[in-house]
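Peer 1: First, the structure itself, so that you have it in front of you.
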2 protein chains.
Amino acid sequence: MSTPTAALPAPGTTGPVRVVGTGLLGTSVGLGLRRLGVDVVLHDPSRTALALARDVGAGRPAEAGDGPPALVVVAAPPDVTARVVVEELAAHPDAVVTDVASVKGHVLDELRLAGADLSRYVGSHPMAGRERSGPSAAVPELFLGRPWVLVGSGTTTPAALAAVRALAVDLGAVPVVMDADEHDAAVAVVSHVPQVAASLVAARLQEADERALALAGQGLRDVTRIAASDPALWTSILAANSAAVRAVLADLRTDLDGVIAALDAATAATGPETVELGALAVLARTVAAGNAGVARVPGKHGGAARPYALVAVLVPDVPGQLARLLTDVGEAGVNLEDLTLEHAAGRPVGMAVIAVLPGSAAHLEAELTARGWRLVR
Amino acid sequence: MSTPTAALPAPGTTGPVRVVGTGLLGTSVGLGLRRLGVDVVLHDPSRTALALARDVGAGRPAEAGDGPPALVVVAAPPDVTARVVVEELAAHPDAVVTDVASVKGHVLDELRLAGADLSRYVGSHPMAGRERSGPSAAVPELFLGRPWVLVGSGTTTPAALAAVRALAVDLGAVPVVMDADEHDAAVAVVSHVPQVAASLVAARLQEADERALALAGQGLRDVTRIAASDPALWTSILAANSAAVRAVLADLRTDLDGVIAALDAATAATGPETVELGALAVLARTVAAGNAGVARVPGKHGGAARPYALVAVLVPDVPGQLARLLTDVGEAGVNLEDLTLEHAAGRPVGMAVIAVLPGSAAHLEAELTARGWRLVR
């Protein structure tokens, strides 16, 4: 993985690139650049993390006689990012410096307070992550097809912006230029508030009875999955983006108060026929507003959600059956866009839900039926 | 599908079973019973829905000369359930009557007010559903392995309870006896409050900029997926369970108020070092409480979430490659517990994440590497 691959295009990034912080993101940057043959110098205050990143092929530690870096990528924890950027800008007076912290206005404010040279600084936020963290979870494909937000300082030079844009492109990401406020408001609504909501819902489960939890379905699992996130990391993200997150949460609380008042009205009524229509309308409007909002969420493949057709097939729960099904899908000449498996506890059969382009569904259903599969319609 | 299958056990349910309401649930009940050879008589105020249910094999319309039903399953919309149960109890004085409404105390209160014969009534709540609705979405496997809550009236006879328990078992569900209050409190916390939270988060996306939405990731998709639910159905569910949902939402609002106050404190601070530790502690405690709650959610297979090992493999995005991978997994003798696909927009490669029992992961990784697959570690 550390040797350049002939088939890959020539990198736009000029080395040496200095990566400060060899966690998941920094190590993944190093791995991606090394595949393109770019010289990567790694630094981390933890010698273990540094050695791990080197061992997986993300680059090499600094050596005596190294020339100055052309680009510095600061991939430190969010609450120390600004300080490290200031140090790196000072230590490498000809280098472009970027960071990967997930809140941008806050870092920029601190850099301004510190009087840093902002002409050579570009804020980055690669929208990529994994459920595992640390250098051992790093992969060169981490950024593939993901948005990479670029935030100029106001005095950032075009050359500095171009250097960080080239880094994003080299790693397979899609560069998006935003200002810090636009970025921070965007991540508040698409990431930080959903995180808070998932945590608040999951927190209610702490005291719930075991028998209540046994009734949980996929809906609860989906809503609360990200509630498993790291408290220390999220405390610093939320504190750093406090104003933007607060604004969205305040709107959410207003709607929540409306729901609570409507539920009070429904409880006070003596029967369903006596609930005031106004209270029911508030509940219906809340769910309908959610319908309208979720319809705007882009699909897994980016862009608007594509209206795939779903073909559900019963699959005996023994090794090889799913492979046989997918072989049949391939032989039918149909491209599988997505696949979801649904198991039933203790039952010898599961259901595979195959997403295909709508025009292919009827053909696929016919082919699978002809091959003896039992479809669930 | 309408002929009994020799391999299936003899049903515990005695027919004729009358199903009132041929939507998703009623039609699925009919399909499951017909597979066991039980006589099913269908009724629906909509002649179209009734004809559709008959055509998919869920049973037959009533005929002149039919004997009285032994069991009536009321699968009407939640807000008319109690009225229909009252009518069915009166019309069939020897039948056991059950309903499938997702809130139970409310139905029982209305039946008591109406002076119904509660010795023959059992409330049911099969915890099953699909994203599609109506008779055409019905499947006999809908209840397979899912909990089926049974709620007695206090005067329900053991024979009536046994009849509805047999129905649940015949349909492959797992019967769970609860009283109405326990059931309603349980679904408030595991289903109704998550639904409200998903709607409130998704509602915030209505006014968000297109460029903000383009930054959305899997977390937002997961949290908001169920926000696509039907407003009319959810209005009646929330109104029927108003007191229990209100109690959980009030606790959630208290925590939300704490988060908002902590964000205000963070915003008022002049830099990260000056944020009061108390404010940061509130944020950290909120995320940690979510960690503790989500850890209690049972896994996809029922029971506690099993700690599967994940093996991530790069898969060229061309037909047949995924089938080839799963064939290799099968030939390695490893049982695939779950499979998730991650695509990258516009890229010729995707990632398949295979969940296996922890003891199988190393073996599978070695086998797949030997067969030329590229693993992501």
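Only the coordinates and a few stated rules stand behind these numbers; no lab work does. Owing to the predicted nature of the structure, the values given are computational and were not obtained by experimental measurement. Note: ideal-geometry Cβ built from the backbone for every residue, glycine included; neighbour counts use all protein chains shown.
Peer 1: If you count, for every residue in A:323-335, the Cβ atoms of partner chains within 10 Å of its Cβ, what is the mean?
Peer 2: The mean count of partner-chain Cβ atoms within 10 Å per residue comes to 4.
Peer 1: Let me ask something else. For chain A, set up a Gaussian network in which alpha carbons nearer than 10 Å are linked by springs, and say which option among A:29, A:97, A:311 fluctuates the most.
Peer 2: A:311
Peer 1: Please list 3J(HN,Hα) in residue order for segment B:143-156, calculated via the Karplus relation 6.51 cos²θ - 1.76 cosθ + 1.60 where θ = phi - 60°; whole Hz, with x for glycine and proline.
Peer 2: Result, ordered by residue: 9, 3, x, 8, x, 10, 7, 10, 10, x, 8, x, 10, 4 Hz.
Peer 1: Additional query: Output the DSSP H helices from chain B with an along-axis C-alpha extent of no less than 30 Å and a mean Kyte-Doolittle hydropathy no less than -1.0.
Peer 2: Span-like helices, by this rule, are B:242-268.
Peer 1: I need the calculated FRET efficiency for the pair residue A:159 and residue B:206, taking r as the beta carbon distance and R₀ as 35 Å, to the nearest 0.05.
Peer 2: E between residue A:159 and residue B:206, to the nearest 0.05, is 0.30.
Peer 1: Still on this structure: Given points 7 Å out from each Cα along the Cα-Cβ axis, report the residue A:371 to residue B:10 separation in nanometres with one decimal.
Peer 2: In this crude label model, residue A:371 to residue B:10 measures out at 4.0 nm.
Peer 1: How much FRET efficiency would the formula 1/(1 + (r/R0)^6) give for residue B:257 and residue A:267, where r is the Cβ-Cβ distance and R0 is 30 Å, rounded to 0.05?
Peer 2: 0.90
Peer 1: Sorting B:327, A:254 on the 10 Å Cβ count, fewest up front, what's the list?
Peer 2: A:254, B:327
Peer 1: Continuing with the same structure: Rg (Å, one decimal) plus Dmax (Å, integer) for the alpha carbons of chain B?
Peer 2: Final numbers for Rg and Dmax: 25.3, 83 Å.
Peer 1: How big is the equivalent ellipsoid of segment A:185-294 along its three axes, where each semi-axis is √(5λ) from the Cα gyration tensor, reported in whole Å from largest to smallest?
Peer 2: So the three semi-axes of segment A:185-294 are 29, 20, 12 Å.
Peer 1: Beyond 18 Å, how much of the Cα-Cα pair distribution for segment B:17-178 remains, as a whole percent?
Peer 2: Looking at segment B:17-178, the distances longer than 18 Å represent 53 percent of pairs.
Peer 1: Anyone know which of B:245, B:187, B:313 comes out most mobile in the 10 Å Cα GNM of chain B?
Peer 2: Highest fluctuation among the options: B:313.
Peer 1: Less than 14 Å Cβ to Cβ from residue B:48, Lys/Arg counted +1 and Asp/Glu -1: what total charge do the surrounding residues give?
Peer 2: Net charge in that neighbourhood comes out at 0.
Peer 1: So, one more: Extent of the protein assembly as shown along each principal axis, from alpha carbon coordinates, in Å, largest to smallest?
Peer 2: Result for the protein assembly as shown: principal-axis Cα extents of 99, 57, 41 Å.
Peer 1: Now for a different question. Grab the Cα-Cα distance for residue A:55 and residue A:233, subtract it from 0.36 nm times how many residues apart they are, and report the gain in nm with one decimal.
Peer 2: Working it through step by step, the gained length comes to 61.5 nm.
Peer 1: What full-extension length gain, to one decimal in nm, is calculated for residue B:109 and residue B:66 as 0.36 nm per residue of separation minus the Cα-Cα distance?
Peer 2: 12.3 nm
Peer 1: Calculate I(q)/I(0) for segment B:205-267 by the Debye formula, one identical point scatterer on each C-alpha and no solvent, and give its log10 at q = 0.14, 0.26, 0.28 Å⁻¹ to two decimals.
Peer 2: Log10 I(q)/I(0), no solvent term: -0.73, -1.03, -1.03.
Peer 1: Can you give the mean number of other chain Cβ atoms that lie within 10 Å of the Cβ atoms in peptide A:101-110?
Peer 2: Per residue, the number of nearby Cβ atoms from other chains is 1 on average.
Peer 1: Output, in nm with one decimal and in ascending order, the distances from the residue B:94 label point to the matching label points of the other copies (7 Å from Cα along Cα-to-Cβ).
Peer 2: List, nearest first: 10.0 nm.
Peer 1: Okay, next question. Out of all DSSP beta bridges with both ends in chain A, state the antiparallel percent to the nearest 5.
Peer 2: In chain A, approximately 50 percent of DSSP beta bridges are antiparallel ones.
Peer 1: Need the full-extension length gain, residue A:281 to residue A:247, defined as separation in residues times 0.36 nm minus the C-alpha distance. One decimal, nm.
Peer 2: 9.7 nm
Peer 1: Between B:46, B:124, B:242, find the one with the highest GNM mean-square fluctuation for chain B; connect C-alpha pairs within less than 10 Å.
Peer 2: So, out of B:46, B:124, B:242, the one fluctuating most is B:46.
Peer 1: Mind ordering A:357-364, A:151-158 by average Cβ neighbours within 10 Å, highest first?
Peer 2: Ranked by mean Cβ neighbours within 10 Å, highest first: A:151-158, A:357-364.
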